[in-house]
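Structure first, then comments.
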Amino acid sequence: MDWTALRLSLALAAVTLLVLMPFGVLAGRWLATTRSRARPWLEALTALPLVLPPTVLGYYLLVALGGQSPLGTAFERVFGAPLAFTFTGLVVASVIVNVPFAVQPLQRAFAAIPPDVREAAQCCGLSRWQSFARIELPLAWPGVLSAAVLTFAHTLGEFGVVLMVGGSIPGETKTAAIAIYDRVQALDSAGAGAMALLLLAVSFVTVALSYVLSERWLRPGRK
Amino acid sequence: MSFSLRLGHDAPPLDLDVTLPAGEIVGIVGPSGSGKTSILRCIAGLLRPVSGHVALAGEVWLDSARGIDRPTRERPIGYVPQRYGLFPHLSALGNVACSLTHLPQEEREQRARARLAQAHVAGLDDRLPRELSGGQQQRVAMARALARNPRVLLLDEPFSSVDRSTRKRLYVELKRLHEELKPTVLLVTHDLDEAALLATHLCLVQRGRVVQHGPTHEVLTRPSTIAAARLLDQPNLFEGTVEGTGEARRLAWGPHRLEVPDGAAFGLEGPLAWTILPTRVVLHRVDRPSRGEHENPVAARVADVVTLGDDVIARLQPGGLPDTRLTLKVSLHVAQRNALAAGREVTVSLLREAIVPLRREQS
């Protein structure tokens, strides 16, 4: 059992979640409420990682983050370390790959809030922030939960993009999914099976937890 | 004190300029799609008109010419939208407390409870909106709207989704709350009877324009235009011709020459649209016919009779006007005493002061 790989996967999923959720909430709310003509184009852009093959996306990310690219060069100059084939690079790639998994459920959740509820909040004298924190966010909570679970679970299982951008450096970029692939390549069926089973269990618990939480949230009698 | 509104908008179309009395219940009445809700939304600041001026007792909320546009949250309003807009995740108490965020937590809860009690929903504080009946939801929405002591209360068809008995109770509660708190209430409804029952001032709206406004009794009994009379569902809309001047002035209606009240509307000779309320058409008693020298007597044949509860509505065919129907409304006992039935010959008086001239333009 490669515990290092599993720890790395969990760390990557957690950091991706922390970075992506605030962006996902803001972007999802904006897309749900804007009347901008740019909306369909931006929606298409956020959905792109869903339809692109992971290797294509991984290739472009590798080109964009690599030492030859302006971004990669600038990052290396500022932080003294490269982006490609590092954990930081993996986080950047993972955030981009997971944009649709975070934004789409949040957009649907904010769009489902009836306009008269949003307007009632204004008529009650609530400030924009109060309206967001007390009314919109609690109502969009099931969407927040879905987005978090999808992002977390998808990051745990991501393979193609991780391999392209991070390679397979133990302790740095070798995630659980890569470790399973390595075990299979090494004809270590038992090792691969144990890792796969553990990943399956973690994913199942994550999704089940989201159902339990949404059930509790929707139960009547709350103040 | 007055509440002045001047609104111009394209979609939905609005073109109105009206000053309403503050501190009263004003019924905004019109058919579906006439712009009633849009007027409320402009007042609330939820819809920004292309041009507009909204001011309460000189305090300007919106003046597009001077670039003044107070955000909704800063306008002293309470708004009950058609479907109440209750926050589904908050209890009744939480909904009302949301209007009181400017108060300290303790006072907030105390005031919210008091408002719920005032709206007759005490004891349901912890219920979520989906656990409340339609009438209870309406009361919670009203309590929430009144929580901040608004100067203007905007009600958009607030009684449309509750049953009849609940509606009647809510009418009484609205009147009571208004007596206690005295806000200016703008009540949007398509139900003229409801507006007549609750409002002291009526504003008839059609295609985003104010067709007529004024004290309720005056608007109901004296529509000023053909459009207003149609909105009020007046069945007696006729065309006549003003003949003569001064004492000799008469309204020619077929073979009849009707005396008309003094006033500029009848001053010019020529064609004139006019109306008379069915309740102001006086049926002469069969056993004691009136000579009716000053009562505009008109002989007629009863075309049909319909009984609606304690009222009887009869359509009469006036003598010499075969294609015209004059509607008469009397109480059941008057109809029975005079044996009002289809085919009977009767005489009615069109009271001079009850004849109302109608302008053709909208306002």
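The values are calculated or read from the model by the stated rules, or taken from the named source; none is laboratory data. This one's a predicted model, so the numbers in the text were calculated from it and none came from an experiment. Because the Cβ atoms are built from the backbone with ideal geometry, glycine has one as well, and the counts that use them run over all protein chains shown. With ligands, DNA and RNA removed, areas are computed over all heavy atoms of the protein, side chains included. Shrake-Rupley method; radii C 1.70, N 1.55, O 1.52, S 1.80 Å.
Before moving on, here are some points about what is shown:
- Of the listed requirements (1) in contact (Cβ under 8 Å) with a residue 12 or more places away in the chain; (2) open to solvent by 30 Å² or more (accessible area, probe 1.4 Å); (3) away from every other protein chain (no Cβ under 14 Å), B:T189 misses just one: (2).
- If you filter the stretch A:75-91 down to residues that are of a type in the set (A, V, I, L, M) and touching a residue at least 60 places away in the same chain (Cβ under 8 Å), you find that the one that is farthest from A:E43 (Cα to Cα) is A:A84.
- Out of B:I68, B:I77, sole residue that is open to solvent by 50 Å² or more (accessible area, probe 1.4 Å) and either within 11 Å of chain A (Cβ to nearest Cβ) or without any contact (Cβ under 8 Å) to a residue 40 or more places away in the chain (or both): B:I68
- Of residues in the stretch A:103-136 being over 28 Å from A:L150 (Cα atoms) and among the polar types (S, T, N, Q), the one nearest to the other protein chains (Cβ to nearest Cβ): A:Q122
- Qualifying residues in the stretch B:80-96 (those that are under 29 Å from the mean Cα position of the chain (by Cα) and surrounded by fewer than 22 Cβ atoms within 10 Å (Cβ to Cβ)) - the one farthest from the other protein chains (Cβ to nearest Cβ): B:Q82
- Scan the stretch B:40-65 for residues that are away from every other protein chain (no Cβ under 14 Å), in a strand (DSSP E or B) and open to solvent by less than 50 Å² (accessible area, probe 1.4 Å) and the total you get is 8.
- Being without any contact (Cβ under 8 Å) to a residue 24 or more places away in the chain and open to solvent by 30 Å² or more (accessible area, probe 1.4 Å) is not true of B:R169.
- Residues of the stretch A:1-10 that are open to solvent by 40 Å² or more (accessible area, probe 1.4 Å) and hydrophobic (A, V, I, L, M, F, W, C): A:M1, A:W3, A:L10.
- Answer residue from the stretch B:245-268, given it is part of a loop (DSSP other than H, G, I, E, B) and in contact (Cβ under 8 Å) with a residue 60 or more places away in the chain and is farthest from the chain's Cα centre (by Cα) among those: B:P255
- The residues of the stretch B:97-111 that are aliphatic (A, V, I, L, M) and within 9 Å of chain A (Cβ to nearest Cβ) amount to a single one, B:L100.
- Selection within the stretch B:112-145 - more than 14 Å from chain A (Cβ to nearest Cβ) and either more than 24 Å from the chain's Cα centre (by Cα) or closer than 23 Å to B:T184 by Cα (or both): B:A114, B:A117, B:Q118, B:A119, B:H120, B:V121, B:A122, B:G123, B:S133, B:G135, B:Q136, B:R139
- When the stretch B:309-330 is filtered for residues that are at pLDDT 95 or above and of a type in the set (S, T, Y), only B:T327 remains.
- Matching residues, the stretch A:22-56, being within 17 Å of the chain's Cα centre (by Cα) and open to solvent by less than 30 Å² (accessible area, probe 1.4 Å): A:G24, A:V25, A:A27, A:G28, A:T46, A:A47, A:P49
- Spans of helices (runs of 4 or more DSSP H) in the stretch A:75-182 with at least 3 residues touching a Gly at 6+ places or on another chain (Cβ under 9 Å) and open to solvent by 40 Å² or more (accessible area, probe 1.4 Å): A:99-111, A:115-123
Per-residue answers, yes or no, for (1) at pLDDT below 90; (2) open to solvent by 40 Å² or more (accessible area, probe 1.4 Å):
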residue	(1), (2)
B:A143	no, no
B:R151	no, yes
B:D156	no, no
B:S165	yes, yes
B:L197	no, yes
B:S224	no, no
B:L237	no, yes
B:T245	yes, yes
B:V260	yes, no
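- Only one entry of B:G33, B:G8 meets the criterion of being outside any loop (DSSP other than H, G, I, E, B) and either open to solvent by 10 Å² or more (accessible area, probe 1.4 Å) or at pLDDT below 90 (or both), and that entry is B:G8.
- Restricting the stretch A:57-74 to residues that are without any contact (Cβ under 8 Å) to a residue 40 or more places away in the chain and open to solvent by 70 Å² or more (accessible area, probe 1.4 Å), the residue that is nearest to A:T151 (Cα to Cα): A:Y60
- Among the numbered conditions (1) of a type in the set (V, I, T); (2) out of contact with any Leu (no Cβ under 8 Å at 6 or more places or on another chain); (3) more than 22 Å from B:H178 (Cα to Cα), the only one that B:V18 does not meet is (2).
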